[in-house]
Amino acid sequence: MAKSWTDGAPAPVALKDHAHVNDPLSYKIKKRMLGGPLNRHTLSHQRLKKRYALGILSSDCISSSAYGSEQILIALLPAFGLAAFTLLMPLTFVVLIILTIITLSYTNVIDVYTKTGGAYIVSRDNFGPTTSIIAAVALMLDYIVTLAVQASAGVLAIISTFPNLEPYKVEMVLFVIAFLTYGNLRGVKEAGKAFAAPTYLFIIGMYVVFIVGIYKVFNGSLEQLSTNQEGAVSIGTEQGLLSAAAIFILLRAFANGGSSLTGLEAISDGVALFEVPEAKNAKKTLIIMSILLGSLVLGVSWFAHKLYALPYESGSPTVISQIAKSVMGDGPFGNFWYIYVQFATTLILFAGANTTYSAFPILCNFVATDGFLPKQLTKRGHRLAFSNGIIFLAVGAVIFVVTTGASVEHLVAFYALGVFTGFTLAGFGMARHAKRNKTDKWRTKYVINTIAGSVSLTVVIIFSIVKFTEGAWIILLIAPIAVVSLVRLNRRYVREQAVLSLAQERTRATSIARHDVTVLVDNVDLATVGAVRYARSLNPHTLKAVHFVIDDRRADDIQKAWAVTPALSDVSLELIDCPDRRLANAALDYSIRATADGNHELTLLLPRRSYSRVLGRILHDQTAEQIASPISQLPRVVATIIPFDVAKLLDGGTLDVQEQADEKEKVSTATVAEPSKRMVPPANLEPVSHYSEKVIKIGEVIWRKRAHVQGRVTAIRTSPANQAPMLEVEMWDETGGITLQFLGRRSLAGLDVGSQLRAEGMVGEIDGLLTILNPNYELLH
C-alpha cells in the first residue's frame, strides 16, 4: 500500500463527518415536539448567589404557607365551631417550634454533606442501604404528592379569582401538570434565575397585605367576615378539649398543619448549586427561608383568626385569598393588589410544583445508581433531562389528582407522612453521625438531631393514626410493598453484577490451542454466504458448516445447493440428526462436544434474516435467538447472530443515509467518490519554522507544515497494556477533525472526552489522515 508522496499515495486529508441512518418516524416526532437533541457538553454547572438560590430552592417550602393554616381550620371547625379560630394560633406555634427544630437539624446536614444531603443520602451513609430505601420511598411519594398538591392549590388560587372556572378544576390541574411535564422534557432548568421571581413576588405581596392589615387592626377598621357563608365548611358546636374525640381532632388538625413544612430539605439537596463557600451560604439561605416561612404561616394564621376566614368545601375561595380581599378592600388599589396576590400565589405554587421535576428525577437517579431502581432512570434523555423520571413523576401525580378530584384537603392526607419520614431518618442519621465521629460540639448536635428525629417520628405516628381512614392507609400499604420490591430488585442486580464481575481467576489469561468457527445453516442463500464470508475474516483454525436435520428432503436440497455454490466450495457441510426437532438442544450438545477437551474455543455464527416488524413475526420464526440464549451460558463458546436485512432488499433499495456535511441534513444517495488528489513532492521548500502562532481551522491545515489548531476532543485511544505507551486524541472543529499522537504516554492530566484543546506542531499523516505527532498543547476551560 502506498504510504508517502514518493510513491504516489493519495494526499492526506482532515477527518470528515460520516453519514448516519435516517431518523425513524418516532424520533422525528420526538424532535418536532421537544426540539433538537442537546449536546451533553452543554450540561453546565451553574453556581447561584444566595438571593437567587433562596428564590429558586424555597418556592416549594414558602408556597406551602398558602394552604397550611387553612388545612388546620378544615379539621377544627366542624368539631369546635368558632373556637377553632382561637385554637388555630396555639397549633400554629407548635408547627413553628417543629420548624425551628428541623431547621437546626438540617444546618448540621449541610455542614457534613456539602454536595447533596437529602434524607436518602444521610440514611444511606449512617444506617446502610436498606434503611435508606425507606427514605427513598417516602421521598418519592412525597414528591409525587407535592406535584399534585401544588398544582391543585395553584388552580384553586385561579378559581378564587375567577369562580366560573370551578367546574373545570380537574382538567385545569391536569393541564398544568402536562404543561410542566412538557416544559421539563424540553429541558427547562430549575436553576434558571427566572424561577426565583415567583417567590419574591409572593413574599412582597403577602407582606404588603400583612402591613396594611396590622395598620387596620390598630385603627379598628379591619372588619370580620360573616361566618354564615353558603358553601363554607360546616361549623360545629364548641366542646371541651379533654375528651378523647377532641384530642383526636386536635391531633388531626396538627397533622394537617404539618403540610406547611414541606420542602424544607430542598436547600440541603442543592448545596452544590451555591457559590463558594457552599455550606456557609446554604446554611444562611436555609435560616432565611425558615424565618420567611414561619412569618408567612404565622401571618396567615393570625389574620385568619382575626377575620374569621372560613375554608370552603370546594376549596375556593381560599383562606389566603379571603385575607387579601378583606384587608386590601374594594378600592382600585385594593382590587389591583388582590389580583396581584392571587397571581403571585398561583405562580409560586406552580413554581413549587416545578421543583419536583428536578428533585424527583435526581433522587431516582441516586437510587437507581445504587441498584434499587431500574437503570433506565439513570439515563438522560433527548434534552439532557432525566426523561424517564419526569414521566414517572407526572404519571404518579395524575393518578393522585384524578382519584382525589384535585382536592387539596384529600391530597394532604397523603402528604406529610412522606415528608416527616424523611425528617425522621435525617434527624436520627445525623445524630448517629455526630456520636460516631465526635467532631466539634458533637454533643449539642447529637441532642438537636435526636430531638428532631423524635419529634418527626411522633408526627409520623400521629399522622398514621388520625389520617388512616382519610387516605394514609394507602401510603402505609404502598410504602412497605415498594420497599420490599426495591430490595428484591437490588438483590437481582447484585447477583447479575457478581456473575459479570472480573474476579481474579476469570481475568487470568489462558492458552487456547484452537479457535474454531461453525456456521449453522438452515438454507443456502445470501444470508448464509454473508455469514461464511464473516467467518473467514475470523481466521479460525477450522471453519465448517452444520445443518441440523429435521426434514430429510430439505437436508438433501441444502446439501445439493451447497455443492454447486462456488462461494462455499472451501467449507465442509456437516449434517447432524435432530430427531426431536429441538434445535437449541442440538446446538448445545454440538457445542459441548466441540469444546470437551478444554483447549478449544468455538464461535457459532447464526444467520438471521430480518423481515418487516409485523409480518416478519407472523411469517417467520425467531430460531436464532432461541439457540443463542442457552449457548451463551457455556464457557469457551460464543454465539454470534449475523443479521441480514431482507425487508430492505424487498423494498428494492440500499441503506438510506443522511449527510451531516451541512446544517440542513439533506438526504442523499450513495455516490462514487472522486479519486483524491495524489501526493507530489513539495516544490520551493520553505524554511522549517519551530512554532505557528496563528490559530487556524482544522480544515485549513496543510500537510508537512506546522499548524496551530483548536477544537473539542471527541475520542481518546490508548495503546494496549502490553505495548509501548501511546495516546491518540481525535480533535474536531466545525471544519473537520485531526489526530494528535502522543508517544510515550497513556494519559494527559485533565484531558477528557469533550474537553476543549489547543494544539500546535508539525502536521504529518498516518494511513492517509492528517496527524500531529507529540504536539504542544493547552487545555482550555
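The values are calculated or read from the model by the stated rules, or taken from the named source; none is laboratory data. For clarity, every value in this text was computed on a predicted model and none was experimentally measured. Glycine gets a Cβ as well: all are built from the backbone with ideal geometry, and neighbour counts include every protein chain shown. Heavy atoms of the whole protein, side chains included, go into the accessibility calculation; ligands, DNA and RNA do not. Shrake-Rupley method; radii C 1.70, N 1.55, O 1.52, S 1.80 Å.
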Collect residues whose amide H, placed 1.01 Å from N in the peptide plane, falls under 5 Å from the amide H of residue 14; neighbours closer than 5 in sequence don't count. 770
With a 1.4 Å probe and every protein chain left in place, tell me how much accessible area residue 139 has, in Å² to the nearest 10. 10
Sorted by chain and number, the residues with a modelled amide H under 5 Å from that of residue 765, at a separation of 5 or more or across chains, are 771
Using the structure shown, list the pairs from 16/697; 16/379; 50/284; 306/467; 216/325; 50/445 with a Cα-Cα distance above 19 Å, or answer none. 16/379; 306/467; 50/445
Which whole-Hz ³J(HN,Hα) couplings does region 547-559 yield from phi under the Karplus relation 6.51 cos²θ - 1.76 cosθ + 1.60, θ = phi - 60°, glycine and proline marked x? 10, 7, 7, 10, 8, 4, 5, 5, 4, 5, 5, 5, 5
Where does the charge balance sit around residue 50 when Lys and Arg score +1, Asp and Glu -1, over other residues with C-beta under 9 Å from its C-beta? +2
Prolate/oblate/rounded call for region 703-781, Cα gyration tensor, a/c under 1.5 rounded: oblate
I'd like the distance between the alpha-carbon centres of region 415-435 and region 515-556, rounded to an integer number of Å. 63
Report Rg(Cα)/(2.2 N^0.38 Å) for region 423-569, keeping two decimals. 2.27
For region 359-376, Karplus-derived ³J(HN,Hα) couplings (6.51, -1.76, 1.60; θ = phi - 60°; whole Hz; x for glycine and proline) come out as 5, 5, x, 5, 4, 4, 4, 4, 5, 5, 4, 7, x, 10, 9, x, 5, 4
Which loop GluC sites (Glu not before Pro) in region 144-223, with loop taken from DSSP, have no more than 14 other Cβ atoms within 10 angstrom of their Cβ? 223
Measuring from label point to label point, each 7 Å out along Cα→Cβ, what is the residue 276 to residue 581 span in nm? 7.4
Would you mind getting me the FRET efficiency between residue 477 and residue 82? Use the beta-carbon distance for r and R0 = 35 Å, nearest 0.05. 0.40
For region 519-618: rounded, prolate or oblate by the Cα gyration tensor [a/c cutoff 1.5]: rounded
From phi via Karplus (6.51, -1.76, 1.60), per-residue ³J(HN,Hα) for region 709-723 in Hz, x at Gly/Pro: 10, 9, x, 9, 6, 10, 7, 10, 10, 10, 6, x, 4, 8, 10
Listed residue (218, 318, 291) projecting farthest to the positive dipole end of region 216-327, Cβ model: 218
For region 122-208, the Cα-Cα pair-distance distribution in 10 Å bins from 0, as whole percents, is 14, 28, 33, 19, 5, 0
